[in-house]
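Values in this text are rule-based calculations from the coordinates and carry no lab data. Source: prediction; values computed, not measured. With ideal geometry, Cβ positions are generated from the backbone for all residues, glycine too; neighbour counts draw on all protein chains shown.
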């Protein structure tokens, strides 16, 4: 299982990055941030996202909509580019 970090911009654009990087080094004005696990379900075929935790460097938590927002981005915006 690979745990990653993410931030969501004011324009509701998610940025996913390594857990070795500090949230505040990626974005200082994020509206939500935390950790996530991404799985690709080959049976449906879709990315499934589980968000958890918070960013101590930004002093903000995950938002209720983060999982939906990131799944939507990966499955509809990112995936179609590949």
Review point. Is it the case that the range 3-10 has a residue that's in contact (Cβ under 8 Å) with a residue 60 or more places away in the chain and under 12 Å from the mean Cα position of the chain (by Cα)?
Key: yes
Conditions (1) within 18 Å of residue 3 (Cα to Cα); (2) free of Cβ contacts under 8 Å to residues at least 24 places away in the same chain -> residue 23 fails only (2)
Is there a residue in the range 41-50 that is touching a residue at least 40 places away in the same chain (Cβ under 8 Å) and touching a strand residue (DSSP E or B) at 6+ places or on another chain (Cβ under 6 Å)?
no
Among strands (runs of 3 or more DSSP E) completely within the chain, the ones holding 2 or more residues that are crowded, with 19+ Cβ neighbours inside 10 Å are 3-8, 32-41, 46-52
